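One structure is given here, and the rest of the page talks about it.
The values are calculated or read from the model by the stated rules, or taken from the named source; none is laboratory data. Predicted model only: the values in this text are computed from it and were never measured. Every residue, glycine among them, receives a Cβ derived from its backbone with ideal geometry; neighbour counts consider all protein chains shown.
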Ligand code: NAP
Ligand code: ZN
């Protein structure tokens with residue numbers, strides 16, 4: 001197939017209101033622009049952000065919304081000027097589908113923090129050229145600008161590759177930024193989709209890894225995933241015993257909570273990176289910072305860094321632990337995710353949408 005101005009009617013799942021749940025809907029993918037790639041989606045991971053967005057937890061959802069930003073599939077057509085991808089290539093899209101690619105941040109590889117209006121989200125974003133609403137990966141196919149389409153490394157299974165596009169890069173980027181390596185002591189708070197990738201990646205980088213979790217039932221898993229220790233955060237004495245111990249806490253907890261206990265367990269100059277809880281923080285006493293603790297955050301990763309992470313995972317044989325589900329079961333998956341009943345990422349097999357729509 002070559003470039004076409006024809007639009008593509010596409011089956012999808014999405015929400016129409018905060019309380020509508022996620023159900024079947026029909027969307028239209030644009031006809032290919034000269035620099036566009038058409039991708040038949042094989043799998044899409046389910047991120048906690050999908051759930052936050054479908055329910056408008058953050059207050060900026062535009063409906064209808066089709067979530068999904070852990071997308072993998074195969075190229076089925078390309079625009080006339082596309083050089084990076086060809087029909088048949090195994091490719092991936094993460095949380096963004098466009099940015100200006102010209103500002104200082106984009107030039108430095110931080111497209112996710114584009115100075116010209118921010119990145120264009122894969123869903124709930126506004127197309128930079130025609131202003132239309134972007135729709136995510138809970139769908140049969142997607143059209144995106146070639147620069148924002150990444151390569152799935154050869155031999156990597158598609159279903160497992162999907163969660164790397166958000167859970168993988170969101171954990172990888174801060175670990176790289178704060179130079180985690182042999183000798184580093186890293187704690188990962190919240191053992192879910194992001195957290196379990198944080199454990200695997202930090203361990204692969206040579207760090208000593210501790211899981212901080214409220215779920216005693218995950219103790220055995222933590223070790224299987226590569227962690228060296230498990231700390232139940234409800235156990236105040238155990239938390240106290242780790243005061244001043246860690247170089248970094250990767251905090252993936254998705255709800256409003258007091259981050260102070262996670263600062264106390266840092267060494268001087270240690271850093272707590274918030275990747276979850278995109279929300280207001282509870283009030284906190286600033287005294288803890290006198291111990292020279294750093295509190296910061298991190299959002300996904302840039303395009304080059306995301307490709308680097310995919311290649312790193314391929315080289316080291318790192319893959320997420322997934323549970324593959326049918327598109328029709330997404331609502332149950334959301335409920336289980338909220339109940340922390342997840343090991344450790346749901347991935348939708350998009351064949352189920354094609355067969356049963
Ligand atoms: P997830 O799979 O649901 O995992 C979150 C984990 O946090 C849970 O498994 C649980 O682990 C812990 N947790 C859940 N509820 C909690 C509560 N009430 N109190 C304390 N701990 C709780 O979610 P995810 O997909 O990893 O996403 C995590 C967060 O990161 C979400 O807020 C998501 O929106 C955000 N996110 C941010 C970025 C970014 O760029 N910064 C990218 C992707 C996602 P335990 O059972 O071990 O306690
Ligand atoms: Zn995500």
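Selection over the range 180-206 of residues that are in a strand (DSSP E or B) and surrounded by fewer than 24 Cβ atoms within 10 Å (Cβ to Cβ) gives a count of 1.
Would a scan of the range 278-289 turn up a residue that is crowded, with 21+ Cβ neighbours inside 10 Å and over 30 Å from residue 156 (Cβ atoms)?
Step one: filter the range 278-289 for residues crowded, with 21+ Cβ neighbours inside 10 Å, giving none.
No, every residue in the range 278-289 fails to be crowded, with 21+ Cβ neighbours inside 10 Å and over 30 Å from residue 156 (Cβ atoms).
Taking the condition of being away from ligand 2 (no atom under 16 Å from the Cβ) and either closer than 23 Å to residue 340 by Cα or out of contact with any strand residue (DSSP E or B) (no Cβ under 9 Å at 6 or more places or on another chain) (or both), how many residues in the range 67-83 meet it? Full working, then the answer.
In the first step, residues of the range 67-83 are kept if they are away from ligand 2 (no atom under 16 Å from the Cβ); the result is 73-83.
Going one step further and asking which of them are either closer than 23 Å to residue 340 by Cα or out of contact with any strand residue (DSSP E or B) (no Cβ under 9 Å at 6 or more places or on another chain) (or both), we end up with 80-81, 83.
The qualifying residues number 3.
Do the conditions hold for residue 72, that is, is it within 20 Å of the chain's Cα centre (by Cα) and touching a residue at least 40 places away in the same chain (Cβ under 8 Å)? Yes.
Based on this model, can you work out whether residue 333 counts as in the same structural domain as residue 44 (by TED's automatic domain parsing) and more than 18 Å from the chain's Cα centre (by Cα)? Can you show your working first?
Numbers: in the same structural domain as residue 44 (by TED's automatic domain parsing): yes; more than 18 Å from the chain's Cα centre (by Cα): no.
So residue 333 does not fit the description; no.
The residue list 57, 19, 35, 50 contains one member that is in contact (Cβ under 8 Å) with a residue 24 or more places away in the chain and over 30 Å from residue 193 (Cβ atoms), which is 35.
Counting just the residues of the range 143-167 that are assigned to a loop (DSSP other than H, G, I, E, B) and out of contact with any helix residue (DSSP H, G or I) (no Cβ under 9 Å at 6 or more places or on another chain), which one comes out nearest to ligand 2 (Cβ to nearest atom)? It would help to see each step written out before you state the result.
Narrowing the range 143-167 to residues assigned to a loop (DSSP other than H, G, I, E, B): 149, 152-157, 166.
Subset that is out of contact with any helix residue (DSSP H, G or I) (no Cβ under 9 Å at 6 or more places or on another chain): 149, 157.
Numbers: 149: 17, 157: 20 Å.
Here the residue is 149.
If you go through the range 288-304 and keep only what is more than 16 Å from ligand 2 (Cβ to nearest atom) and under 24 Å from residue 263 (Cβ atoms), you end up with 288, 289, 290, 291, 292, 293, 294, 295, 296. Please find, among 177, 170, the residue that is within 16 Å of ligand 2 (Cβ to nearest atom) and within 21 Å of residue 295 (Cα to Cα). On inspection, the qualifying residue turns out to be 170.
With respect to (1) in contact (Cβ under 8 Å) with a residue 24 or more places away in the chain; (2) touching a strand residue (DSSP E or B) at 6+ places or on another chain (Cβ under 9 Å); (3) away from ligand 1 (no atom under 11 Å from the Cβ), the lone exception for residue 220 is condition (1). Among the residues of this structure, residue 46 does not count as one that is crowded, with 18+ Cβ neighbours inside 10 Å and away from ligand 1 (no atom under 13 Å from the Cβ).
Taking the options 69, 34, 52, name whichever one is outside any strand (DSSP E or B), in the same structural domain as residue 334 (by TED's automatic domain parsing), more than 16 Å from ligand 1 (Cβ to nearest atom) and more than 19 Å from residue 326 (Cβ to Cβ).
Working: 69 fails: more than 16 Å from ligand 1 (Cβ to nearest atom); 52 fails: more than 16 Å from ligand 1 (Cβ to nearest atom).
Sole residue among the options that is outside any strand (DSSP E or B), in the same structural domain as residue 334 (by TED's automatic domain parsing), more than 16 Å from ligand 1 (Cβ to nearest atom) and more than 19 Å from residue 326 (Cβ to Cβ): 34.
Can you find, within the range 305-323, the residue that is farthest from the chain's Cα centre (by Cα) among those that are farther than 20 Å from residue 253 by Cα and within 15 Å of ligand 2 (Cβ to nearest atom)?
Filtering the range 305-323 down to residues farther than 20 Å from residue 253 by Cα leaves 305-319, 323.
Remaining after also requiring within 15 Å of ligand 2 (Cβ to nearest atom): 306, 309.
Working: 306: 11, 309: 12 Å.
Checked the range 305-323; the qualifying residue farthest from the chain's Cα centre (by Cα) is 309.
Considering only residues of the range 215-256 that are at pLDDT below 95 and in a loop (DSSP other than H, G, I, E, B), which is surrounded by the most Cβ atoms within 10 Å (Cβ to Cβ)? Among residues in the range 215-256 that are at pLDDT below 95 and in a loop (DSSP other than H, G, I, E, B), the one surrounded by the most Cβ atoms within 10 Å (Cβ to Cβ) is 254.
If the condition is being at pLDDT 95 or above, within 15 Å of ligand 2 (Cβ to nearest atom) and in a loop (DSSP other than H, G, I, E, B), then the range 55-66 contributes 55, 61, 66.
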